[in-house]
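Okay, structure first, notes after.
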Amino acid sequence: MRRGYRCPTVSGERLGLTESVSMALGGMIGGGIYAVLGVVAGITGPAIWLAFVAAGVVALSSGYAYNALNRIDDENQGGSVSFVQSFVGNATLAGMVGWTLLVGYIGSMAMYAFAFGEFAVAFGVVPDSIAGIGARPLLSVLAVAGFVGLNLLGAKTTGTAENVLVAAKVTILVAFGGLGLVYAFGFSPEMSLTLGFDRIAGFGPIMAAAISFVAFEGWQLLFYDQESIADPVETIRTAVYISIPVVVVIYVLVGVVTVNLAPEAITHHPHVALKDAAEQMMRPYGLAALGGIVLTLSALFSTGSAINATLFSTAHFAKGMLQNDLLPDAIGRGDADGIPERTVLVVGAITAAFAVVGTLGAITSFASLSFIVVFGAMSYLAFRERDREGVHPIPPLVGLLGAAGFLPLMLIHLYRSEPQTFTMVVVLAVTVVAVELLYFEHEEFEREIDAVEEVALGKGESLPPEPE
């Protein structure tokens with residue numbers, strides 16, 4: 001069995017609980033809420049809070065599974081790939097999990113880039129097309145290219161800077177939610193804040209929870225660089241249990257306010273509904289335009305920083321896989337100092353392609369599916385270890401059942417409501433699995449082909465003897 005996968009350490013300083021919580025919060029809030037809120041609200045309406053709570057419960061249960069496996073696997077701590085290697089002992093399966101995560105991270109970055117382009121266009125200062133090219137895809141590609149360049153130059157966010165950035169993003173969103181409630185109850189007495197209890201009985205909230213799942217990824221990145229975290233097992237455990245509930249509260253607050261204040265925006269231009277809601281709540285103060293500008297700038301900043309941070313972490317994750325022969329050498333060099341430049345370029349190019357040719361719904365759905373599968377698999381591994389001391393079976397079981405329920409419901413919803421998105425997601429999934437199998441099992445396939453050729457030659461005409 002190969003040694004456990006471990007993401008290369010990127011900093012000599014050891015991070016504490018505050019920095020770890022900030023990293024987890026930044027990974028989740030970094031752009032997901034701006035990208036998926038409109039999609040989720042379009043499905044479930046005012047019951048959006050239930051979708052975020054359901055997704056948060058499954059994410060928290062998966063976090064418990066990760067923490068449990070991390071504590072047990074004290075020799076090869078390193079996240080999903082390491083856990084599969086240690087508890088299953090199958091290098092092919094470990095590699096496939098790693099590839100699935102890579103595709104999920106690329107989908108997440110494409111989602112952030114898509115949202116970046118949408119909010120940039122929403123400023124109204126950029127024409128709809130530039131030199132015959134749509135402004136949104138062009139701006140998305142430029143955003144990815146810019147952050148690829150920054151990563152190639154070695155730019156990275158320190159723990160202290162991350163604290164400041166996350167504090168700013170959280171403050172803006174909490175202020176947005178708080179001012180929205182003040183507007184609803186103080187300046188619009190005729191308005192009744194609805195929570196959509198009449199929609200709870202349907203499958204809408206659960207389907208929306210599955211689609212929103214991508215907005216809850218990011219905390220697991222802590223497991224890939226444990227050598228740079230002080231007392232990693234305990235610190236990461238606490239950071240996960242703090243960050244996920246905080247994110248659920250913020251998403252619920254922002255979602256409920258947006259759906260109630262800007263219902264028309266959810267229908268007509270859902271991708272930038274937060275901007276319209278901000279303008280609405282600031283109108284009584286005569287600051288409607290300023291509210292929209294601040295929210296849009298926040299979205300650009302958050303989605304941009306999310307692209308940068310995710311690209312940085314993904315490149316190091318890929319470098320660890322290269323070191324363990326889980327990716328082809330053409331992707332980059334595992335022995336490179338820092339981030340392999342070729343890896344950054346390849347990941348950036350694929351991300352840009354996703355952001356250009358995909359729709360936000362397809363990108364969001366595909367990324368969510370990737371994380372649902374991997375988080376469900378880690379919950380299953382933890383449930384298998386339920387007889388170990390300190391491993392309670394209920395949280396991993398909840399994570400497993402949640403993932404198992406999200407997967408078919410999400411596919412059913414896409415098949416019924418968005419057949420083109422469903423087709424694109426299925427084609428992408430089949431392609432990824434086929435490529436994974438061809439890469440990891442090519443030697444087995446070659447043996448099978450050789451065996452078939454030998455049988456065919458044996459049954460056919462005998463070959464002439466070679467000349468002496």
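The values are calculated or read from the model by the stated rules, or taken from the named source; none is laboratory data. Being a predicted model, the structure only gives us computed values, none of them experimental. Every residue, glycine among them, receives a Cβ derived from its backbone with ideal geometry; neighbour counts consider all protein chains shown.
A few points about this structure:
- Test for LEU195: is it over 28 Å from GLY107 (Cα atoms) and either outside any helix (DSSP H, G or I) or touching a residue at least 60 places away in the same chain (Cβ under 8 Å) (or both): yes
- Just one residue in the set TYR251, TYR285, TYR241 is surrounded by 24 or more Cβ atoms within 10 Å (Cβ to Cβ) and among the hydroxyl-bearing types (Ser, Thr, Tyr); that residue is TYR251.
- Residue match in segment 341-351 (condition: in contact with a Phe, Trp or Tyr (Cβ under 7 Å, 6 or more places away or on another chain), in a helix (DSSP H, G or I), buried (at least 18 other Cβ atoms within 10 Å of the Cβ) and not polar (S, T, N, Q)): no
- Of all residues in segment 196-241, those satisfying the criterion of being farther than 17 Å from VAL39 by Cα, within 19 Å of the chain's Cα centre (by Cα) and hydrophobic (A, V, I, L, M, F, W, C) are TRP219, LEU221, LEU222, PHE223, ILE236, ALA239, VAL240.
- Segment 77-94, residues that are small (Gly, Ala, Ser), surrounded by fewer than 24 Cβ atoms within 10 Å (Cβ to Cβ) and part of a helix (DSSP H, G or I): SER86, ALA91
A quick yes/no check of all residues on (1) in contact with a His (Cβ under 6 Å, 6 or more places away or on another chain); (2) more than 26 Å from ALA120 (Cβ to Cβ); (3) among the hydrophobic types (A, V, I, L, M, F, W, C); (4) in a helix (DSSP H, G or I):
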| position | (1), (2), (3), (4) |
| --- | --- |
| MET282 | no, no, yes, yes |
| GLY304 | no, no, no, yes |
| PHE312 | no, no, yes, yes |
| LEU322 | no, yes, yes, yes |
| ASP335 | no, yes, no, no |
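- Set side by side, the residues ALA201, ALA210, ALA239 differ, and just one is out of contact with any helix residue (DSSP H, G or I) (no Cβ under 8 Å at 6 or more places or on another chain) and either assigned to a helix (DSSP H, G or I) or farther than 18 Å from ALA59 by Cα (or both), which is ALA201.
- Residues of segment 339-395 classified as of a type outside the set (A, V, I, L, M, F, W, C), touching a Leu at 6+ places or on another chain (Cβ under 9 Å) and more than 18 Å from MET424 (Cα to Cα), total: 10
- Evaluation of SER140 against the conditions (1) hydroxyl-bearing (Ser, Thr, Tyr); (2) at pLDDT below 80; (3) part of a helix (DSSP H, G or I) shows that the sole unmet condition is (2).
- Condition met for ALA318 (crowded, with 23+ Cβ neighbours inside 10 Å and touching a Pro at 6+ places or on another chain (Cβ under 8 Å)): yes
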